[in-house]
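Please treat every number below as a calculation from the coordinates, not as lab data. Note that the coordinates shown come from a computational prediction; the quantities given were computed from them, not determined experimentally. Neighbour counts run over all protein chains shown; Cβ positions are idealised from the backbone, glycine included.
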Amino acid sequence: MRAVRHRIGHFLVRSGTRLGRPELVARGLLTMAGVAQRDASFRILTITKDVFEDDVAALNRYGEEIAFDIIQIGVLKEIFNAFMPDGFDMPSNTYHLDGRYRDEKLAYRAFMREVIGHLAGQHGYAAVICCNFSYVAAQEISLACREIDIPYFVIYREGVVQPHRAVDEKLPYHKKKVFFGPIHARKIFMANAYAARWIDQMQRDYEHEFGVAGAPTRDIVPVGIPRLDLVRADRTVGTKRRGLTLFGYEPRVSFEYFREVTDPETGPAFLERANALAVRHYEAIVDFAVAHPEVTVTVKTKPTSKTAIYVGDMLQRAATRHGLDSLPTNVNLQTTDTPTALLRESRLAIAVNSTTVIESLLMGVRVLTPDFGGLFESGAPWSFLHDFPELSESFDSLEDIERAWCEAWTPDDAYRDARERCLEFFTLHKADELTSPRLTRLLAAELSRAPQARSAAAAE
């Protein structure tokens with residue numbers, strides 16, 4: 001039934017866009033929307049992508065006063081593209097600096113202003129939320145919402161980075177490669193305080209360079225990561241936990257904003273050395289799988305990503321050393337299951353510079369990090385767990401993995417204390433504290449103050 005609704009809705013969106021009928025597009029989006037089946041004081045239309053659907057699921061399950069309906073950013077991209085000429089090129093990082101396509105942008109904004117007006121009127125949406133501020137298709141929507149007094153918020157699904165490199169390295173990389181512009185939102189909700197700082201600095205830098213004010217500091221609010229509530233509220237694990245889960249990694253991605261990579265003089269040589277180490281790490285993982293056929297080794301990657309191809313090639317290369325034409329039968333490549341589902345059956349996790357490190361800690365799974373420390377100056381921070389040495393265990397060989405797998409391991413007081421400090425630092429909440437209630441209370445307070453707020457109950 002959902003697939004049928006999606007096809008019908010998609011047809012209405014395409015037809016309405018082609019005919020210049022915003023009311024048809026609004027009806028199509030409503031038909032496609034994932035509607036939260038709950039009573040609430042306010043209903044919000046939420047623009048999602050990938051893992052942010054888990055954030056929305058947590059907000060609907062554990063939040064208060066608000067119901068979150070979802071539409072995918074992909075369908076908004078289709079509408080945006082229909083307003084642009086063939087072959088247009090509009091990078092997100094220069095969107096606000098690029099004078100091209102001005103008429104097309106304004107036409108798209110005017111059209112979406114009417115679409116959002118219909119959505120608010122027909123379904124009582126009190127606000128719009130997006131999971132990112134850099135999406136080209138959403139940047140004009142933020143302005144359209146402002147023009148018709150519909151609150152627009154961002155719950156930023158990214159932002160967890162190596163904290164010592166956030167302002168000096170992540171920020172310049174982000175400005176150059178991802179986004180540099182004003183964020184037009186009532187509030188921008190961030191994972192933690194240091195993530196909020198580098199976003200705030202980006203807004204200050206833009207105002208200094210171009211004289212255009214971005215989001216004020218008071219509107220960039222650290223709140224935590226809602227989707228981790230799904231883990232916090234249910235840390236039930238399998239009775240045997242016989243698996244090892246590898247969250248696939250690629251040095252080019254794990255260290256993409258590090259100065260050692262972005263420096264054109266040092267970057268290529270650094271990545272060559274990092275990839276050589278990664279070869280050794282992946283060989284150790286396959287060696288472990290061959291030596292322990294009773295252990296299920298699950299390799300988790302995002303579908304259709306370049307990293308998924310990289311990881312597959314690394315594993316196959318390692319398997320060839322054992323005379324195998326394919327991966328060992330106990331190595332399972334996984335792109336669909338959530339990290340939490342895999343961790344419930346895992347005794348050991350391998351991850352680096354990813355929120356999966358945090359999820360593993362929440363699930364009580366021992367974490368190994370591939371050892372890249374030799375690539376950096378002594379003491380230089382390169383891992384998420386740099387400031388939490390009690391939690392940081394690295395591996396460089398089969399023997400390191402076997403030692404962690406075979407030895408009896410029970411977290412001691414020092415480990416548990418470090419885990420709580422780590423979780424509070426990266427997510428603002430300890431292991432048994434939820435993000436969604438606080439975030440939804442903040443949103444509800446904002447909507448209650450807004451004279452244009454539309455309650456779901458009033459719409460009915």
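Summary of computed values
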read-out: R0 of 25 Å, Cβ-Cβ distance residue 18-residue 50: FRET efficiency to nearest 0.05; value: 0.35
read-out: Cα-based radius of gyration of the chain once divided by 2.2 N^0.38 Å, which approximates compact folds; value: 1.03
read-out: Radius ratio Rg over Rh of region 5-86, counting only Cα atoms, Kirkwood formula for Rh; value: 1.04
read-out: Difference of contour (0.36 nm per residue) and Cα-Cα distance, residue 336 to residue 414; value: 24.6 nm
read-out: Set of aspartates and glutamates with alpha-carbon distance to residue 300 below 13 Å, sequence-local pairs under 8 removed; value: 250, 337
read-out: Set of aspartates and glutamates near residue 105 by C-alpha distance (under 12 Å), chain-local residues within fewer than 8 positions excluded; value: 140
read-out: Order of 433, 407 under a 10 Å beta carbon neighbour criterion, fewest first; value: 407, 433
read-out: Candidate aspartates and glutamates - alpha carbon under 17 Å from residue 176, same-chain residues fewer than 8 apart omitted; value: 89, 98, 158, 168, 200, 205, 207, 209, 256, 260, 263
read-out: Label-to-label distance, nm, for residues given as residue 266 and residue 218 (7 Å Cα→Cβ offset); value: 4.1
read-out: Modelled label reach - residue 430, point 7 Å along Cα→Cβ, region 363-389 residues with backbone N closer than 11 Å; value: none
read-out: Residue order, fewest to most surrounding Cβ atoms within 10 angstrom, among 331, 352; value: 331, 352
read-out: Euclidean distance of C-alpha centroids, region 1-68 and region 163-209, integer Å; value: 29
read-out: Rounded FRET efficiency, nearest 0.05, which uses the C-beta distance separating residue 442 from residue 98 and R0 of 30 Å; value: 0.35
read-out: Residue order, fewest to most surrounding Cβ atoms within 10 angstrom, among 123, 322; value: 322, 123
read-out: Three-way shape label, region 358-418, alpha-carbon gyration tensor, a/c 1.5; value: oblate
read-out: Inter-label distance for residue 306 and residue 394, nm, one decimal - labels placed 7 Å from Cα along Cα-to-Cβ; value: 2.5
read-out: Whole-number percent relative contact order across the chain, with pairs defined as alpha carbons under 8 Å at least 6 apart; value: 18
read-out: Projected label distance in nm at residue 276 and residue 5, using a 7 Å step from Cα toward the beta-carbon; value: 5.6
read-out: Computed [θ] at 222 nm, deg cm²/dmol, the chain (DSSP H ≥ 4; -39,500 (n - 2.57); rounded to nearest 500); value: -14500 deg cm²/dmol
read-out: Kyte-Doolittle at least 0.5, axis length at least 30 Å by Cα - qualifying DSSP helices, the chain; value: 267-291
read-out: Sites residue 64 and residue 193, calculated FRET efficiency, Cβ-Cβ separation with R0 22 Å, nearest 0.05; value: 0.40
